[in-house]
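Some notes on the structure that comes next.
The values are calculated or read from the model by the stated rules, or taken from the named source; none is laboratory data. Keep in mind the model is a prediction, meaning the values are calculated, not measured. Glycine gets a Cβ as well: all are built from the backbone with ideal geometry, and neighbour counts include every protein chain shown. Heavy atoms of the whole protein, side chains included, go into the accessibility calculation; ligands, DNA and RNA do not. Shrake-Rupley method; radii C 1.70, N 1.55, O 1.52, S 1.80 Å.
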Amino acid sequence: MKITGSATLQAPAQRVWDRMLDPEALARAIPGCERLERTGPNEYRGTVTAGVGSIKGSFQGDVRLGDLRPAESLTMHAQGTGAPGTVNAEIGVRLNDLGEGRTELSYDAEAVVGGMVGGVGQRMLTGVARKMAGEFLSRLDEEVSGRAEPSGAVPEQAEGPTAPADPQAAT
């Protein structure tokens with residue numbers, strides 16, 4: 001499965017970069033994230049609860065950041081396993097400082113999903129991935145713009161970023 005998208009975040013590229021490498025900020029931004037901890041330089045381990053249709057559950061996994069170009073780009077390698085199945089993903093993230101305290105974040109993601117969750121069909125998986133990407137970008141925008149909840153709680157429903165996330169399926 002491949003998806004691409006972008007959003008305009010209300011912060012300079014350096015602040016977006018800093019929050020993307022902060023496990024506490026990331027945990028608040030990732031939909032369904034129950035915990036995320038640093039295990040090494042640019043490496044994290046966490047638990048995320050997610051699902052597709054009636055197939056839901058917790059995934060435990062690892063994330064490694066590579067190809068780091070501060071305030072410009074990175075590649076995220078993620079893998080997770082749980083009762084619903086497995087997920088292996090590679091996400092290329094690019095930041096473009098637009099000036100005036102705004103940054104365009106764009107991404108290209110490719111994921112392989114297996115197990116029960118992988119059997120629900122490409123169309124449904126792509127829809128769920130788009131929704132989760134939109135929620136992540138919205139929450140990241142809250143983090144970088146200073147609108148995140150100070151308690152560290154993840155909001156039940158996130159409002160959209162100033163510019164739509166526009167995740168689109170790549171064919």
Computed over the chain, protein heavy atoms only, probe 1.4 angstrom, the accessible area per residue in square angstrom equals 52
Residue by residue through segment 3-16, the couplings from Karplus 6.51 cos²θ - 1.76 cosθ + 1.60 with θ = phi - 60°, in Hz, x for Gly and Pro, are 9, 9, x, 7, 8, 9, 9, 8, 6, x, 4, 5, 5, 4
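Is there a quick way to get the dipole size of segment 1-61? I mean about its Cα centre, with the Cβ of Lys and Arg at +1 and of Asp and Glu at -1; what is the value in debye to the nearest 20?
Working: 8 positive and 6 negative charges, 34 e Å.
Around 160 debye, computed over segment 1-61.
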Along the dipole axis of segment 1-148 (charges at Cβ: +1 for Lys and Arg, -1 for Asp and Glu; origin at the Cα centre), the most positive-end residue among Gln122, Tyr107, Ser54 is Ser54
Magnitude of the Cβ-charge dipole (Lys and Arg +1, Asp and Glu -1) of segment 55-153 about the Cα centre, nearest 20 debye, reported as 440
Ranking Glu142, Glu100, Glu72, Glu135 from most to least accessible area with a 1.4 Å probe gives Glu100, Glu72, Glu135, Glu142
Only helices counted: for the chain, with every DSSP H run of 4 or more residues adding -39500 (n - 2.57) and the sum spread over all residues, [θ] at 222 nm is -7500 deg cm²/dmol
Most fluctuating of Ser54, Ser138, Ser106 in the GNM of the chain (C-alpha, under 10 Å) is Ser54
So the angle from the long Cα axis of helix 122-145 to the longest Cα principal axis of the chain, reported in degrees to the nearest 10, equals 30
From the Cα centre of segment 108-137 to that of segment 65-99, the distance in Å is 15
GNM of the chain, Cα pairs under 10 angstrom: of Pro23, Pro84, Pro41, the biggest fluctuation goes to Pro41
If every Lys and Arg gets +1 and every Asp and Glu gets -1 at its Cβ, then about the Cα centre the chain yields a dipole, in debye to the nearest 20, of 440
Between [x] 19.3, 59; [y] 24.9, 82; [z] 15.1, 46, the structure-derived Rg and Dmax of the Cα atoms in Å is [z]
